[in-house]
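> Quick one: the structure is below, and I'll ask about it shortly.
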Amino acid sequence: MMLRPLALAGLTALFLTGCIINVNGAGRGPSEHTHQSLQLDANGLNALVAETGAGALEIQGIVGLTHIKLEADIYTYEGINPILTLEKNGDSASLIANFERYNVSGNSPYIDLIVKVPAEMKMDIDDGSGSIKIQGTSADIAVKDGSGSLEIEGGRNLNIEDGSGSIVLSDVNGSIMLDDGSGSIEIMHVNGDVTVNDGSGSLDIEKVQGMVTIDDGSGSIDVNDTKGLRIIEAGSGSLSFDNIDGKVNMQ
C-alpha cells in the first residue's frame, strides 16, 4: 500500500513512515497497520486547528515544548489511503487526519493519534468519532465532537459541542460552555462560570468558583459547592444541590 505524500510547511515538518503489518486476516476490520510520526516547529504558532475522523485522539500540553509532535497509528484496508498532514497555516498549526472516500463492509478505517503541543497553545478541534483526552494545557479549547468519550484536564475557557459519549472536565482555569446531546457529564474544579445545555444523561457538577446554569432534558442533576445556581429546565430525573454560596434561581 502506498501512502499519499504529506504536505510540508517551510521544511519544518518531518515525516517518518513505518512498515505495513497485516492485523486482521479475516477481513472483519482494518487489515493493515502503519505507524507515522510528524513534527512541526511551533515558533510563531499560537493555535492547533485539528480536523480528525475516526479514532482515538490524545493531546498533551507540555511546558517549554518548542515543536508540535505527532504519533499516528493508522488502521486501514488495502487501497484506502490515509490523509495525514501537519503544517503551518498563518499563526496556526493545521492537523488533518482522515481517509480518502471509501466504501467498506465491516469496521471503518481509523487513526489513533497522540499529539504533544506547547502548554500555552490554543486548540480548535473538529472530531468525528472516538475518544478524546486532553491534559496539561493552559489555553482556550474549543471542541466539536460527534461521538465518543471526552476528557479534559486543564485548559482555560472551554467551548464544547458534543453529540454523544461521556464527558469529564476538571481543573479548568476559566469558564465552560457545554452543549451536549447524550451521555453522563462530570464537571469539577472550575474557576469560572459553567453553562450546560444537556439532552440526556446524568449531570454532576462540583467546586465551581462561579455561576452554574443548567438547561437539561433528562437524567439526574447533582450540584455541589458553587457560587450560584440557575436551573432553566430540569427535565425528568432527580435534582439535588448543596453548598451553593449565592443565589439559586429555578425557572
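The values are calculated or read from the model by the stated rules, or taken from the named source; none is laboratory data. Since the model is a prediction, treat every value here as computed from it, not as a measurement. Using ideal geometry, Cβ is built from the backbone for each residue, glycine included, and neighbour counts are taken over all protein chains shown. To get the accessible areas, we keep the full protein, side chains included, count just its heavy atoms, and leave off ligands, DNA and RNA. Shrake-Rupley method; radii C 1.70, N 1.55, O 1.52, S 1.80 Å.
> Looking at segment 118-220, which GluC sites (Glu not before Pro) are in a loop (DSSP not H, G, I, E or B) and have at most 16 other Cβ atoms within 10 Å?
Glu120
> Quick one: which residues, 5 or more positions from Gly219 or on another chain, have an amide H under 5 Å from its amide H? H modelled 1.01 Å from N in the peptide plane, none for Pro or chain starts.
HN-HN under 5 Å from Gly219: Gly201, Ser236, Gly237.
> Can you tell me how much longer the chain between Tyr102 and Asn191 gets when fully stretched, taken as 0.36 nm per residue apart minus their C-alpha distance, in nm with one decimal?
Extending this stretch completely gives an extra 27.6 nm.
> Pop out the carbon and sulfur fraction of the accessible area of the chain as a percent, whole number, probe 1.4 Å. If you can, show how the numbers build up before the last one.
Numbers: 5300 of 11640 Å².
The computed percentage sits at 46.
> Rounded to the nearest 20 debye, what is the charge dipole size of segment 112-196 about its Cα centre when +1 sits on each Lys and Arg Cβ and -1 on each Asp and Glu Cβ?
Taking the Cα centre of segment 112-196 as origin, the dipole is about 220 debye.
> For Lys116, list the lysines whose Cα falls under 26 Å from its own Cα; do not include residues on the same chain fewer than 8 positions away.
List returned: Lys69, Lys88, Lys133, Lys144.
> Hey, another quick one. Run the numbers on segment 48-156 and let me know its relative contact order in percent, using alpha-carbon pairs under 8 Å that are six or more apart. Can you show the working numbers first?
Values: 275 pairs, mean separation 40.4, N = 109.
It rounds to 37 percent for segment 48-156.
> Also, I was wondering about something else. Within segment 57-79, whose backbone N sits under 19 Å from a point 7 Å along Cα→Cβ of Asp171?
58-65
> Next question, about the same structure. Going from the alpha-carbon gyration tensor of segment 72-190, what semi-axes, largest first and in whole Å, does one get by taking the root of 5 times each eigenvalue?
On the way: eigenvalues 147, 69, 23 Å².
Result for segment 72-190: semi-axes of 27, 19, 11 Å.
> Sticking with this structure for a sec: Taking a probe of 1.4 Å, how large is the accessible area per residue of the chain, in Å²? Don't skip to the answer; put the middle values down first.
Values: 11640 Å² over 251 residues.
For the chain, the per-residue accessible area is 46 Å².
> May I pose another question? When only C-alpha pairs under 8 Å and at least 6 residues apart count, what is the relative contact order of the chain, in percent?
The value is 12 percent.
> What are the semi-axes of the equivalent ellipsoid of segment 66-117, taken as the square roots of 5 times the eigenvalues of the Cα gyration tensor, listed largest first and rounded to whole Å?
26, 12, 7
> Another one. Give me, ordered by chain and number, the residues 5 or more places off Glu151 or on other chains with an amide H under 5 Å from its own placed amide H.
The answer is Ile132, Lys133, Ile134, Val168.
> With r defined as the distance between the Cβ atoms of Ser238 and Asp126 and R0 fixed at 45 Å, what FRET efficiency is calculated, to the nearest 0.05?
0.85
> Same structure, new question: Stretch Ala119-Asp91 to full length: gain in nm at 0.36 nm per residue minus the Cα-Cα span? Don't skip to the end; give the middle numbers.
Numbers: separation 28, 0.36 × 28 = 10.08 nm, distance 1.60 nm.
Full-extension gain reported as 8.5 nm.
> Scattering from the C-alpha atoms of the chain alone, worked out with Debye: what is log10 I(q)/I(0) at q = 0.08, 0.10, 0.14, 0.17 1/Å?
-0.36, -0.55, -0.91, -1.15
> How large is the dipole of segment 210-251 about the Cα centre if only Lys and Arg carry +1 and Asp and Glu carry -1, each at its Cβ, rounded to the nearest 20 debye?
Using only the charged Cβ atoms, the result is roughly 160 debye.
> Spelling out what I want: for every residue of segment 133-147, take phi, set θ = phi - 60°, compute 6.51 cos²θ - 1.76 cosθ + 1.60 (Karplus), and round to whole Hz; glycine and proline get x.
9, 10, 8, x, 9, 10, 10, 5, 9, 10, 10, 10, 10, x, 8
> Determine the relative contact order of segment 123-251: mean sequence separation of Cα pairs under 8 Å and six or more apart, normalised by residue count, in whole percent.
Rounded, it is 14 percent for segment 123-251.
> Next question. Hey, can you grab everything whose amide H is under 5 Å from the amide H of Gly192? Only 5+ residues off in sequence or another chain; H modelled, so Pro and N-termini drop out.
Gly174, Gln209
> Which number do you get for Rg(Cα) / (2.2 N^0.38 Å) in segment 157-251?
For segment 157-251, the normalised Cα radius of gyration comes out at 0.94.
> What ranking do 100-111, 40-51 get when scored by the average of other Cβ atoms within 10 Å per residue, highest first?
Most protected by this proxy first, the peptides run 40-51, 100-111.
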